[in-house]
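What follows is a short report on a single structure.
The values are calculated or read from the model by the stated rules, or taken from the named source; none is laboratory data. Computed from a predicted structure; not experimentally measured. Virtual Cβ from ideal backbone geometry, glycine too; neighbours counted across all protein chains shown. Calculation scope for accessible area: heavy atoms of the full protein, side chains included, ligands and nucleic acids excluded. Shrake-Rupley method; radii C 1.70, N 1.55, O 1.52, S 1.80 Å.
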Amino acid sequence: MVTGSKEMIRDINSHLVLETVLNDGPISRAAISARLGLTKATISAIVANLIEKKLIREIGSDDTSLGRKPILLEFCKENGHIVSIDLGVESISAFTSDLKGNDCGLRLFPNNYSRENIISGLIYIINTRMDELPATPFGVVGICIGIHGVTFNNEITFAPYYDYVGLPIAKRLSEHFGIPVILENEANLSVIGEKSFCFNVPNLIGLSVHAGVGVGILIDNKLYKGFNGNAGEFGHMIINTDGRPCPCGNCGCLEQYASERAILNTYSQLRRSYTTGASDSGTGEEKLTIDDFIAAYNSGDTLAVSMVDEFVKYISIGINNILNIFNPDVIVINSSFTMYIPNLHLRITEQIRNRMNKYCTLVPSGLQDISILLGGACLIIKNFLGVTYFAENKNNP
């Protein structure tokens, strides 16, 4: 039972009604009343207020043969915009959508920005995207930036592959644009996106394999971030005590063997070594891309095939540990390798040889390159509307 002032209860009920229309609309006032256990008079007053605020609208009558046809309500998703940014190591993706993550637009920019000019670069990119958006009653309601590193209190606290730690990015952007700006770890955003748009289960792990290896953790539908935001840094789980050095300060971390960066670097070094018969100097050859590597794999290049085998070996170790710690409903793996190599997730599942194998539902990402961006859109939607739950997909995998 909710207790407190009438104003607080009215505010809570208003958010519950809005959340219901957002997720389950079109829906009638009577259906909302029955679902929430609130009186029809209360629902009518709240609905009138939400209509006045241009958050919901009436769209016509429900198709029923019994009595008076009820008026249906739907959320006004086109009345505002969201900007979501994936601040990658080598590129920046700038995404726009309406207030339900639909009507999307996407542009890619190279990340050539140093610590000194990343904020001005982001202002330029965001302005470029905002200038392309049509006018709406609410305009852009928020900006979310996915960080390939750890965030805490809306700041970057650890980022192994770019020098943006401690910069007041959110503060400066919020002051410039006059709207809320949220910084969040990319793996956390990715699992939020997968949950909201693809895999509607309460306990979901999102394994994000890009420059590093990160994990987004949803427990009972809530994001788990740990004491200071470091939860989910599974790429820094040590799998070889005398292994390769890692920017985190340890040696033998998982992401030094199973990340896309590690696989491409090792493949490139070994290929040069086999070609020249000399040790790699790290210079003299154009940087290898994931497309180059996949093309080599598809052509039957034995070295590329062996590197994929290494990826399967090491990533299955990480997933085995995730299973033993969290025992989730589903693990979603988001990687270019699983995206472009058919059934690779099945090979990984086969490598999990202990009894936890039978409880492992490992699936490839349903959102792929835009999971971070849609996760950012979800955060902004919930922040702007004051709701706790948002899901475009209502089905289990």
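What single numbered condition from (1) open to solvent by less than 20 Å² (accessible area, probe 1.4 Å); (2) assigned to a helix (DSSP H, G or I) fails to hold for Ile352?
The one condition Ile352 does not meet is (2).
Quick check on Gly277: is it surrounded by fewer than 19 Cβ atoms within 10 Å (Cβ to Cβ), modelled with pLDDT under 95 and within 29 Å of Ala295 (Cβ to Cβ)? Break it down into steps so the answer makes sense when it comes.
Numbers: surrounded by fewer than 19 Cβ atoms within 10 Å (Cβ to Cβ): yes; modelled with pLDDT under 95: yes; within 29 Å of Ala295 (Cβ to Cβ): yes.
So Gly277 passes the test.
Go through the stretch 95-138 and count every residue that is basic (Lys, Arg), more than 18 Å from Ala170 (Cβ to Cβ) and surrounded by fewer than 16 Cβ atoms within 10 Å (Cβ to Cβ). Give the steps one after another, and end with the answer.
In the first step, residues of the stretch 95-138 are kept if they are basic (Lys, Arg); the result is 100, 107, 115, 129.
Imposing the further condition that a residue be more than 18 Å from Ala170 (Cβ to Cβ) reduces the set to 100, 107.
Narrowing further to those that are surrounded by fewer than 16 Cβ atoms within 10 Å (Cβ to Cβ): 107.
Residues flagged as basic (Lys, Arg), more than 18 Å from Ala170 (Cβ to Cβ) and surrounded by fewer than 16 Cβ atoms within 10 Å (Cβ to Cβ) within the stretch 95-138 amount to 1.
What number goes with the only condition from (1) open to solvent by 30 Å² or more (accessible area, probe 1.4 Å); (2) in a helix (DSSP H, G or I); (3) touching a helix residue (DSSP H, G or I) at 6+ places or on another chain (Cβ under 7 Å); (4) at pLDDT below 90 that Leu323 does not pass?
(1)
Quick check on Ile92: is it among the aliphatic types (A, V, I, L, M), in contact with a Phe, Trp or Tyr (Cβ under 7 Å, 6 or more places away or on another chain), open to solvent by less than 10 Å² (accessible area, probe 1.4 Å) and within 13 Å of Leu173 (Cβ to Cβ)? Before you say what the answer is, go through the steps one by one.
On the way: among the aliphatic types (A, V, I, L, M): yes; in contact with a Phe, Trp or Tyr (Cβ under 7 Å, 6 or more places away or on another chain): yes; open to solvent by less than 10 Å² (accessible area, probe 1.4 Å): yes; within 13 Å of Leu173 (Cβ to Cβ): no.
The answer is no for Ile92.
Would you mind telling me which numbered condition in (1) touching a Phe, Trp or Tyr at 6+ places or on another chain (Cβ under 8 Å); (2) within 24 Å of Phe199 (Cβ to Cβ); (3) open to solvent by 10 Å² or more (accessible area, probe 1.4 Å); (4) among the hydrophobic types (A, V, I, L, M, F, W, C) Ile294 fails?
Ile294 satisfies all of (1) touching a Phe, Trp or Tyr at 6+ places or on another chain (Cβ under 8 Å); (2) within 24 Å of Phe199 (Cβ to Cβ); (3) open to solvent by 10 Å² or more (accessible area, probe 1.4 Å); (4) among the hydrophobic types (A, V, I, L, M, F, W, C) except (2).
Check every one of the strands (runs of 3 or more DSSP E) wholly within the stretch 70-148 and list those with 3 or more residues that are closer than 29 Å to Ala48 by Cα, touching a residue at least 40 places away in the same chain (Cβ under 8 Å) and not β-branched (Val, Ile, Thr). Spell out the reasoning first.
Values: elements: 71-75, 81-87, 91-97, 105-110, 140-147.
The qualifying strands (runs of 3 or more DSSP E) are 71-75.
For Asn23, only one of the following conditions fails: (1) open to solvent by less than 50 Å² (accessible area, probe 1.4 Å); (2) at pLDDT 95 or above. What is its number?
(2) is the only condition that Asn23 fails.
For the stretch 219-259, enumerate the residues that are touching a Ser or Thr at 6+ places or on another chain (Cβ under 6 Å) and touching a residue at least 40 places away in the same chain (Cβ under 8 Å). Let's see the steps before the verdict.
Of all residues in the stretch 219-259, those touching a Ser or Thr at 6+ places or on another chain (Cβ under 6 Å) come to 229, 252.
Result: Gly229, single match.
Considering only the stretch 42-51, I want to know if a residue exists there that is under 21 Å from Glu392 (Cα atoms) and either touching a helix residue (DSSP H, G or I) at 6+ places or on another chain (Cβ under 7 Å) or touching a residue at least 40 places away in the same chain (Cβ under 8 Å) (or both).
Initial filter on the stretch 42-51 (under 21 Å from Glu392 (Cα atoms)): 50.
If we keep only those that are either touching a helix residue (DSSP H, G or I) at 6+ places or on another chain (Cβ under 7 Å) or touching a residue at least 40 places away in the same chain (Cβ under 8 Å) (or both) as well, we get 50.
Checked the stretch 42-51: at least one residue is under 21 Å from Glu392 (Cα atoms) and either touching a helix residue (DSSP H, G or I) at 6+ places or on another chain (Cβ under 7 Å) or touching a residue at least 40 places away in the same chain (Cβ under 8 Å) (or both).
What number of residues within the stretch 370-391 are loosely packed, with under 15 Cβ neighbours inside 10 Å and either of a type outside the set (S, T, N, Q) or at pLDDT below 80 (or both)?
Looking only at that region, the number is 2.
Of the residues Asn250, Asn230, Asn203, Asn221, only one is open to solvent by 30 Å² or more (accessible area, probe 1.4 Å), within 22 Å of His345 (Cα to Cα) and polar (S, T, N, Q); which? Show your work before the answer.
On the way: Asn250 fails: within 22 Å of His345 (Cα to Cα); Asn230 fails: within 22 Å of His345 (Cα to Cα); Asn221 fails: within 22 Å of His345 (Cα to Cα).
Answer to the check: Asn203.
So Asp242 fits all but one of (1) open to solvent by 20 Å² or more (accessible area, probe 1.4 Å); (2) under 12 Å from the mean Cα position of the chain (by Cα); what number is the exception?
Against the list (1) open to solvent by 20 Å² or more (accessible area, probe 1.4 Å); (2) under 12 Å from the mean Cα position of the chain (by Cα), Asp242 comes up short only on (2).
Out of Gly37, Gly80, I need the residue that is at pLDDT below 95, open to solvent by less than 70 Å² (accessible area, probe 1.4 Å), farther than 30 Å from Val209 by Cβ and not acidic (Asp, Glu). Which one? Step through it out loud before you land on a result.
Working: Gly80 fails: at pLDDT below 95.
Selected residue: Gly37, the only one of Gly37, Gly80 that is at pLDDT below 95, open to solvent by less than 70 Å² (accessible area, probe 1.4 Å), farther than 30 Å from Val209 by Cβ and not acidic (Asp, Glu).
(1) open to solvent by 20 Å² or more (accessible area, probe 1.4 Å); (2) within 21 Å of the chain's Cα centre (by Cα); (3) within 19 Å of Asn117 (Cα to Cα); (4) not small (Gly, Ala, Ser): which one isn't true of Ile169, the others all being true?
Of everything listed in (1) open to solvent by 20 Å² or more (accessible area, probe 1.4 Å); (2) within 21 Å of the chain's Cα centre (by Cα); (3) within 19 Å of Asn117 (Cα to Cα); (4) not small (Gly, Ala, Ser), Ile169 misses just condition (1).
Quick grid of which residues meet (1) at pLDDT below 95; (2) within 27 Å of Tyr389 (Cα to Cα):
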site: Gly101; (1), (2): yes, yes
site: Asn111; (1), (2): no, no
site: Asn117; (1), (2): no, no
site: Tyr124; (1), (2): no, no
site: Phe138; (1), (2): no, yes
site: Gly146; (1), (2): no, yes
